[in-house]
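The values are calculated or read from the model by the stated rules, or taken from the named source; none is laboratory data. Note that the structure is predicted; figures quoted are calculated from it, not measured. Heads up, the Cβs are rebuilt from the backbone with ideal geometry, glycines too, and the neighbour counts pull from every protein chain shown.
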Amino acid sequence: MRAPRLDAAATAPGTVRRVAHDDQTTAPAERGGDGAFHRQEALYRERVVTGDAGRYHLYVSSACPWAHRTVIYRRLKGLEQAISMTIVDPERDERGWAMTDGPGTTPDEVNGFRFLAEAYRASGPRFDGRATVPVLWDRVERRIVNNESAEIIRLLDSAFDAVALHPERRYCPDALRVPIDELNAYIYDHVNDGVYRCGFARRQPVYEAACRALFEALDVLDERLAGSRYLLGAAITEADWRLFTTLVRFDAVYYSHFKCNLRRISDYASLSGYLRDLYQQPGIAGTVDMDHIKRHYYRTHATINPTRIVPLGPLLDLDAPHDRASLG
């Protein structure tokens with residue numbers, strides 16, 4: 001595995017490079033001349049030292065794997081009453097993520113925004129870019145605090161313990177921070193972002209290289225999980241939840257829509273049971289909205305799926321026994 005990759009340096013709030021886009025898939029800055037996908041960096045990277053109940057608000061998408069991480073942490077830590085949340089519409093157009101009152105969505109009762117871009121413009125008047133989820137919003141100062149999911153979940157893991165129902169749950173303990181960071185970097189490069197590098201590749205060799213790297217990593221992870229219930233032993237850590245949000249979308253979306261079709265997760269002996277194990281943890285199934293997931297990918301990425309038809313399948317039985325409790 002590769003050494004952990006350091007987060008990019010923070011960008012000062014309000015100083016935003018224009019990344020307006022001509023379709024609903026990616027911004028020009030993310031479409032490199034080499035035909036590869038290059039993810040846009042997060043813009044707001046402030047820390048919360050001690051979280052107050054009622055001060056912060058999350059803007060999330062149930063479809064987005066990055067935002068899904070924050071929804072999981074909010075649930076696991078018992079922060080629903082301390083941190084309010086708006087779930088955006090899964091179908092994004094050229095105006096960006098929208099707040100609606102459709103199935104599984106929630107209107108913005110904090111600011112009354114109709115589009116997430118309004119939160120970005122309110123935080124920096126020079127904003128003219130692509131608004132991304134998740135967003136941690138400060139209701140007192142009326143601005144975005146952080147929009148980097150990796151940092152938000154670490155804030156939720158510890159900074160809000162004074163107002164959490166489950167402060168004893170810690171998914172990045174100090175003793176495991178180094179191996180967690182190493183796993184996170186490897187999984188991000190090859191799996192989390194790897195599926196997007198496959199799906200948004202614009203040249204055949206670029207796609208094939210990304211696809212091979214993705215499945216080589218899945219093979220490594222499957223072998224690792226053959227003798228360990230979770231990535232770092234008998235306890236669930238941050239690395240597991242960061243992998244989970246990609247795995248739970250894989251067979252339904254990435255396998256076909258992003259052409260990650262060498263194997264399904266259900267074809268892996270260990271990864272498939274591991275996925276079901278995490279899905280069946282208390283409260284987690286309720287954070288997975290497969291309707292939002294499928295509608296977002298198949299109806300938003302018009303350059304990949306111009307018909308915008310959402311497939312009926314596959315039929316997934318994530319409630320089937322996982323048979324992993326005996327692993328250490």
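Can you confirm whether Asp89 is part of a loop (DSSP other than H, G, I, E, B) and of a type in the set (D, E, K, R)? Taking the combined requirement at face value, the residue satisfies it.
With the checklist (1) in contact with a Lys or Arg (Cβ under 8 Å, 6 or more places away or on another chain); (2) at pLDDT 95 or above; (3) surrounded by 20 or more Cβ atoms within 10 Å (Cβ to Cβ) in hand, flag the one item Ala98 doesn't pass. So Ala98 meets the others, but not (3).
May I ask you to list the residues in segment 94-153 that are touching a strand residue (DSSP E or B) at 6+ places or on another chain (Cβ under 6 Å), under 23 Å from Thr50 (Cα atoms) and hydroxyl-bearing (Ser, Thr, Tyr)? Selection gives Ser123 alone. Looking at Phe244, Phe215, just one residue is crowded, with 23+ Cβ neighbours inside 10 Å and modelled with pLDDT of 95 or more, and that residue is Phe244.
When Thr70 is tested against (1) modelled with pLDDT of 95 or more; (2) touching a Phe, Trp or Tyr at 6+ places or on another chain (Cβ under 9 Å); (3) β-branched (Val, Ile, Thr), only condition (2) is not met. Summed over segment 46-66, the residues that are outside any loop (DSSP other than H, G, I, E, B) and under 19 Å from the mean Cα position of the chain (by Cα) give a count of 6.
Looking across segment 287-319 at every residue that is among the polar types (S, T, N, Q) and not in a helix (DSSP H, G or I), the one that is nearest to Ser228 (Cα to Cα) is identified as Asn305.
Looking across segment 90-102 at every residue that is within 14 Å of Asp291 (Cβ to Cβ) and in contact (Cβ under 8 Å) with a residue 24 or more places away in the chain, the one that is nearest to the chain's Cα centre (by Cα) is identified as Pro90.
Taking segment 249-308 as the range and being among the small types (Gly, Ala, Ser), under 16 Å from the mean Cα position of the chain (by Cα) and crowded, with 17+ Cβ neighbours inside 10 Å as the test, only Ala252 passes.
Only one entry of Arg69, Arg75 meets the criterion of being surrounded by fewer than 20 Cβ atoms within 10 Å (Cβ to Cβ), assigned to a helix (DSSP H, G or I), in contact (Cβ under 8 Å) with a residue 12 or more places away in the chain and in contact with a helix residue (DSSP H, G or I) (Cβ under 9 Å, 6 or more places away or on another chain), and that entry is Arg75. A residue that is in contact (Cβ under 8 Å) with a residue 40 or more places away in the chain, under 30 Å from His257 (Cβ atoms) and part of a helix (DSSP H, G or I) can be found somewhere in segment 156-176. Taking segment 107-145 as the range and being free of Cβ contacts under 8 Å to residues at least 40 places away in the same chain, under 22 Å from Lys294 (Cα atoms) and buried (at least 16 other Cβ atoms within 10 Å of the Cβ) as the test, the residues that pass are Phe115, Ala131.
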